[in-house]
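The values are calculated or read from the model by the stated rules, or taken from the named source; none is laboratory data. In this text the structure is predicted, and so the values were computed from the model without any measurement. Counting neighbours? That spans all protein chains shown, and the Cβs are built from the backbone with ideal geometry, glycine included. Calculation scope for accessible area: heavy atoms of the full protein, side chains included, ligands and nucleic acids excluded. Shrake-Rupley method; radii C 1.70, N 1.55, O 1.52, S 1.80 Å.
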Amino acid sequence: MDNTRRYERLLERYRNGDLDRRKFLGLIGAAGLAYGVQTPFAREAMAATEQVRFDGWGGVVSEAFRKYAFDPYTAKTGIKVVDGTFGGGDEYLSRVKASQPGEYNIAHLSGVFDYARYNNLGLASELNEDNIPNLKFVIPKLVDVFRGVTNGKLSCVPYDYGTTGLAYNRKHISDEEMKEKGAKILIDDAYKGKIGGWADWRTRMWYAALQTDQDPNNATDVDAMWDAVRKHRDLALKYWTSGAELMSLLAEEEIYVTEGWSGRIYALQEQGHDIGYMDPPNGFGWQECLFVIKGSPMEACEELLNFMLAPETSIAVAEGQNYPPALDPTKVDLGKKIPTLPAFDPTGTLAGLTFANPDYWNGHEAEWSKMFGRVQKGY
Amino acid sequence: MSVERREARQPWILLSPALTAVTLLLFVPLLFILVYSFWLRTATGADQVGFFFDNWQEALTDRFYRDILLNTLKIAAITTIVCALMGYPAAYFIARSRGNKAILLLLLMLPFWISYIIRTMSWINILGVSGALNSILLSLGIIHQPLQMLYNETTVILGLVHFLLPFMILNVFVSLEGIDVTLEDAAHSLGATRWQSFLEVTLPLSLPGLAAGGLLCFVLGAGTYITPLVLGGPRDAMFANLVFEAVITQLNWPLGSALSLMLLAVLGTLVLIYNRYLGMAQLMKGLG
């Protein structure tokens, strides 16, 4: 029954004498008050179904998303995509935590541990996979890792993967020296003041595990790892905090060696810089996903995810950001450029990459992130 | 209602929009932060509502926070002194110049039109290994290897001075503008040299402006986190960086709240001391 019908019945009852004048006016007044109070919120709720908010890393990736996914999606569905950006996963999680349900919808998140963090905070949605037929093109191993976190269900679709390997200036460090020293070059006294590193506790501890000959997903001598982090700190010129800063430090030769993101280093190589890239044994592999936050309009989001997973979109985005897409190369022809990208696995099994175990890393998050904050500052 | 009562109410009616804004935008958020500081962060990252002193105990007793706070105050103090030494002559020059005062003031305001972050990052292009300064020194043959000038405490102070110097100059300028120049003439007529008249007359009368500029520079310098992030090395963090890390990196909003209130309390105490001895009127003149 709509509101007009309700008011007509009320008026009828008043005219029939079933309601006295005072009660009738009271009910009309209460209805008016309720309408006035709910209207702004109702408008918001209506608007949510008319638009979907997507947050990502900006730059060429956003441009590719806009061209190949958002605009065709809007043309087909009439649903607008509001395109936002963030500087880092931690910063974005703080924004989501402070927001109202439904304010943020889809995010381009990094790492399975972020997926687990969102799930632990009660921010995970549940996707209806029937609405995302393009999910069949995705490498199964990438999907299964996420299912393991959310009891067989999915709150996201995998989108791309890459590595955090060793980047070095070939003018000053040879390929042979890199192969010989591997991750230990980051704590080599010979390069004091010319070493860099990401200001991220996970990466620091992962590489500390490699430098102390331990399994990054099951290290036992944590004290030795902190010593390695301290040694790296003492030799490093600077901790970088963004991909742009990483590229600037390497391109300007402020530093000669650092760990770096495979796609960013490929971009430097494309620009003509003589920067080498090497994934050491047990190098840091990671995947990114398109995560739907709880409280979002699910069907609209699922349809958008399907657009984004379409091979044409995925390949265009992958070529723009220099990270291989999550599409299975045995099922989809990925073109010419993608097979040349660092970390690309032509078999689609990803057997050569080591990913972070989310249980292990999230189990240490509170303690290690705090400890790194101190070690970073000289403690 | 009597005329007296109506007149007594009028200022409050006029002030009510401002008081409402201050209450909603300052006091209420501060209250939220205060309440948050007594909560706890659980292992999953969620907040545990309650009344716990753990964050305060950690913030007040842990040597780590005390050391970083002291280092922050040291960097802010050095920055303030450098700003005073560089800013006073500039303000004096502008105040005593004839004709082109407006242009000089406009030039002083010019940096505010550019983003603070961009201004801070510009030092990378000046002091970097491939930066302007190294290129000039190398091309002149003065050095044969680029000098490593960036990412240390000195560059952090340099960046802060770059950011805060206009605040110091404006405050001192306002103070100098308010001094009657005939007082200096009177000192000359009584036999004082230019230097003596400056030391005995102008400087003492301009001290409130210097103090106001000093307070602004110190408070803004102590609260910054962008400059050490962009121009500092691994060990050059300031206290605001700890707040950022607690809130953003560690998702520990309760501890971040306690730390931010601690910094607020320290800087607030300094402002109260300033107000007790010099009053806020001079600061308002400078800001105006």
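Looking at the structure I just gave you, is residue A:259 open to solvent by less than 30 Å² (accessible area, probe 1.4 Å), of a type in the set (D, E, K, R) and in a loop (DSSP other than H, G, I, E, B)?
Values: open to solvent by less than 30 Å² (accessible area, probe 1.4 Å): yes; of a type in the set (D, E, K, R): yes; in a loop (DSSP other than H, G, I, E, B): no.
No, not satisfied.
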In this structure, is residue A:305 open to solvent by less than 20 Å² (accessible area, probe 1.4 Å) and part of a loop (DSSP other than H, G, I, E, B)?
no
Scan the range A:78-98 residue by residue and report those that are in contact (Cβ under 8 Å) with a residue 40 or more places away in the chain, within 20 Å of residue A:110 (Cβ to Cβ) and more than 10 Å from chain B (Cβ to nearest Cβ).
A:96
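Can you find a residue in the range B:265-288 that is more than 14 Å from every other protein chain (Cβ to nearest Cβ) and closer than 30 Å to residue A:89 by Cα? Outline the logic, then answer.
The initial filter retains those residues of the range B:265-288 that are more than 14 Å from every other protein chain (Cβ to nearest Cβ), namely B:265-288.
Next cut, closer than 30 Å to residue A:89 by Cα only: none.
The answer is no, given that none of the residues of the range B:265-288 is more than 14 Å from every other protein chain (Cβ to nearest Cβ) and closer than 30 Å to residue A:89 by Cα.
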What pairs can you find where one residue is in the range A:136-147 and more than 20 Å from residue A:352 (Cβ to Cβ), the other is β-branched (Val, Ile, Thr), and their Cβ atoms are less than 6 Å apart, with a gap of 6+ or different chains?
A:137/A:332
The lone exception for residue B:15 - which of (1) closer than 30 Å to residue A:361 by Cα; (2) modelled with pLDDT of 90 or more it fails
(1)
Restricting the first residue to the range A:239-253 and requiring it to be outside the structural domain of residue A:271 (by TED's automatic domain parsing) and modelled with pLDDT of 90 or more, which pairs with a second residue that is buried (at least 20 other Cβ atoms within 10 Å of the Cβ) and not basic (Lys, Arg) meet a Cβ separation below 9 Å and a spacing of at least six or different chains?
none
If you take the residues in the range B:36-51 that are touching a residue at least 60 places away in the same chain (Cβ under 8 Å) and not acidic (Asp, Glu), which one is farthest from the other protein chains (Cβ to nearest Cβ)?
B:38
Among residues of the range B:126-139, those that are more than 13 Å from residue B:155 (Cβ to Cβ), open to solvent by 30 Å² or more (accessible area, probe 1.4 Å) and part of a helix (DSSP H, G or I), counted:
6
Taking residue B:13 as the residue in question, decide whether it is among the β-branched types (Val, Ile, Thr) and loosely packed, with under 10 Cβ neighbours inside 10 Å.
yes
Taking first residues from the range B:135-148 that are over 18 Å from residue B:123 (Cα atoms) and second residues anywhere that are open to solvent by less than 80 Å² (accessible area, probe 1.4 Å) and of a type in the set (Phe, Trp, Tyr), the pairs with Cβ under 7 Å that are 6 or more apart or on different chains are none
Somewhere in the range A:348-369, is a residue in contact with a helix residue (DSSP H, G or I) (Cβ under 7 Å, 6 or more places away or on another chain) and more than 30 Å from residue B:251 (Cα to Cα)?
yes
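For the range A:363-379, enumerate the residues that are of a type outside the set (Lys, Arg) and in a helix (DSSP H, G or I). Give the derivation first.
Within the range A:363-379, the first condition is being of a type outside the set (Lys, Arg), and the residues that meet it are A:363-369, A:371-373, A:375-376, A:378-379.
Scanning the range A:363-379 gives A:363, A:364, A:365, A:366, A:367, A:368, A:369, A:371, A:372, A:373, A:375, A:376.
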Filtered residue count, the range B:153-176, keeping only those that are in contact with a Gly (Cβ under 9 Å, 6 or more places away or on another chain), open to solvent by 30 Å² or more (accessible area, probe 1.4 Å) and not aromatic (Phe, Trp, Tyr):
4
Can you pull out every residue in the range A:202-217 that is open to solvent by less than 10 Å² (accessible area, probe 1.4 Å) and either hydrophobic (A, V, I, L, M, F, W, C) or farther than 20 Å from residue A:113 by Cβ (or both)?
A:205, A:206, A:208, A:209
Under 8 Å between Cβ atoms, which residue pairs at least 6 apart in sequence (or on different chains) link something in the range B:198-218 that is more than 12 Å from residue B:92 (Cα to Cα) with a partner that is among the acidic types (Asp, Glu) and modelled with pLDDT of 95 or more?
none
Looking at the range A:197-213, I want the residues that are in contact (Cβ under 8 Å) with a residue 24 or more places away in the chain and have a partner that is in a helix (DSSP H, G or I) and polar (S, T, N, Q) with Cβ atoms under 9 Å, at least 6 apart or on another chain. Which pairs are those?
A:197/A:203; A:199/A:376; A:199/B:249; A:201/A:369; A:201/A:376; A:201/B:249; A:202/A:369; A:204/A:376
Hey, among A:341, A:334, A:350, which residue is of a type in the set (A, V, I, L, M) and either over 28 Å from residue A:202 (Cα atoms) or surrounded by fewer than 18 Cβ atoms within 10 Å (Cβ to Cβ) (or both)?
A:334
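Select, from A:220, A:313, the only residue that is assigned to a loop (DSSP other than H, G, I, E, B) and either open to solvent by 10 Å² or more (accessible area, probe 1.4 Å) or under 30 Å from residue A:66 (Cα atoms) (or both). Explain how you work it out, then say what you get.
Numbers: A:313 fails: assigned to a loop (DSSP other than H, G, I, E, B).
From the options A:220, A:313, the qualifying one is A:220.
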